[in-house]
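Enquirer: Sharing a structure with you now.
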Amino acid sequence: TKFKREEKEDDMIQPMLAETAKEPFDSPSHLYEVKYDGARCIAYVEEGQVKLLARSGADHTTTFPELQDIYKQLNATELVLDGELVVEDSEGKHNFRALQSRIHRMNPLAVRVAAQSFPATYLIFDLLRVNGVDLTASGQRVPLEARKTLLARLLDPSDRCRMVEHVEGGGIAFFQECVGQGMEGVMAKERQ
């Protein structure tokens, strides 16, 4: 699957949309990441506050209270991150049903219980904005690899928030390895 960014007129950032490739491929102009079984989410982090918005625009901020402290792991005043919300079991496998049940909880007590029973993790794919600078704007776009390098310097990873690893080249072999381990597939992203 490949990503392309959808432009939007207002200030809210839309996650990249995936397109299905006919088959896995090798390309020196692409990075490859595991395709996670979760929910896409843009995180707006500013001055000690975190806002989580789904691709649909739904606000998941209060639904995932365990992610409200991720700003402490990020060494910048303001960031916009593109990532995936997942719920992992004790073996590190993703439990999409548990995540779905979390997304639809509204009662504050049910939300707190679910956060303790099935805590979410925010897996970051991309750094879109830092300290007011849009790294993906036309005309000043910073290449994906450079954004990932900057993100790695700004993030102190933990169980609740970490960066998605990628591989360079070898897309076919990486896809086969991922599928062989029971994963959904692979995302191919242009380095530029």
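Enquirer: Rounded, prolate or oblate for segment 111-192? Axes are the square roots of the Cα gyration tensor eigenvalues, ordered a ≥ b ≥ c, and the cut-off for rounded is a/c under 1.5.
Expert: Taking the square roots of the gyration eigenvalues as a ≥ b ≥ c, segment 111-192 is oblate.
Enquirer: Hey, another quick one. Under a Cβ-only charge scheme (Lys and Arg +1, Asp and Glu -1), can you give me the dipole magnitude of the chain about the Cα centre, in debye to the nearest 20?
Expert: Around 200 debye, computed over the chain.
Enquirer: Here is a follow-up. Is segment 69-127 best put as rounded, prolate or oblate by its Cα gyration tensor, with a ≥ b ≥ c the root eigenvalues, rounded for a/c under 1.5, and otherwise prolate when a/b is larger than b/c, oblate when not?
Expert: prolate
Enquirer: Tell me the relative contact order for the chain as a rounded percent, counting alpha carbon contacts under 8 Å between residues six or more apart.
Expert: So the answer I get is 29 percent.
Enquirer: If Lys189, Lys51 are ordered by their accessible area, calculated over protein heavy atoms with a 1.4 Å probe, which sequence runs from highest to lowest?
Expert: Heavy-atom accessible area, descending, gives Lys51, Lys189.
Enquirer: Per residue and in cubic angstrom, what volume does the convex hull of the Cα atoms of the chain have?
Expert: Cα-based convex hull of the chain, divided per residue, equals 122 Å³.
Enquirer: Next question, about the same structure. Between Glu168 and Asp26, 0.36 nm times their residue separation minus their Cα-Cα distance comes to what?
Expert: Here the answer is 50.2 nm.
Enquirer: Quick one: if you stick a label point 7 Å off each Cα along the C-beta vector at Ser101 and Thr62, how many nm between them?
Expert: Going by the 7 Å Cα→Cβ label model, 2.2 nm.
Enquirer: Order of 26-36, 108-118 by packing, highest average Cβ count within 10 Å first?
Expert: Going from most to least packed, we get 26-36, 108-118.
The values are calculated or read from the model by the stated rules, or taken from the named source; none is laboratory data. Quick caveat: nothing in here was measured; it's all calculated off a predicted structure. Every residue, glycine among them, receives a Cβ derived from its backbone with ideal geometry; neighbour counts consider all protein chains shown. Note: accessible area is taken over every heavy atom of the protein model, side chains too, but ligands, DNA and RNA are not part of it. Shrake-Rupley method; radii C 1.70, N 1.55, O 1.52, S 1.80 Å.
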